[in-house]
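The values are calculated or read from the model by the stated rules, or taken from the named source; none is laboratory data. Fair warning: this is a prediction, and the values are worked out from it, not measured in the lab. Virtual Cβ from ideal backbone geometry, glycine too; neighbours counted across all protein chains shown. Each accessible area value is taken on the protein alone, full model and side chains, heavy atoms only, with ligands, DNA and RNA left out. Shrake-Rupley method; radii C 1.70, N 1.55, O 1.52, S 1.80 Å.
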Amino acid sequence: MAAAAIIDPPKKKPLPAGLPREWYESHNRRLKAMRLAISLLDTGTYDAARATNRKIRTMAARTGIHRPSNTTCRMVRSLIREAH
């Protein structure tokens, strides 16, 4: 049996200063949606229609991500659609 490789997380760079608050909010929303979409795809949810708000929010709770809004849930479904 192969041993699991330990991977260090990438070093985070600070976000650029001086941008409008909306930019930071949308940036963080996109990152959250991407993390959730990857988690759902890893667990076998390949169809955007099956990725209900409830399922997305349950996945968020399992992975330690704050509860996503309806807008973030729509973004997760659009990312899943683009993946396939």
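Listed values, structure above:
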quantity	calculated
Amide hydrogen neighbours beyond the local backbone of THR45, cut-off 5 Å, H modeled	none
Calculated from backbone phi, Karplus (6.51, -1.76, 1.60) coupling profile of segment 29-40 in Hz, x at Gly/Pro	5, 5, 5, 4, 4, 5, 4, 5, 4, 5, 4, 5
The chain - mean residue ellipticity at 222 nm from DSSP helices (-39,500 (n - 2.57) per run, n ≥ 4, rounded to 500)	-18500 deg cm²/dmol
More than 18 angstrom apart: percent of Cα pairs within the chain	50
Most to least accessible of MET59, MET75 (protein chains only, probe 1.4 Å)	MET75, MET59
Distance between modelled label sites at ARG50 and ARG74, nm, 7 Å Cα→Cβ extension	2.4
Sequence-separation-based contact order of the chain, relative, with Cα cut under 8 Å and 6+ spacing, percent	33
Gaussian network model of the chain, Cα within-10 Å springs - most flexible of ARG21, ARG35, ARG57	ARG21
Probe 1.4 Å, all protein chains present, accessible-area order of ASP47, ASP8, largest first	ASP8, ASP47
Vicinal HN-Hα couplings computed from phi for segment 50-59 (Karplus, 6.51 cos²θ - 1.76 cosθ + 1.60; Hz; Gly/Pro x)	7, 8, 6, 4, 4, 5, 5, 5, 5, 5
Solvent-accessible area per residue for the chain (1.4 angstrom probe, square angstrom)	80
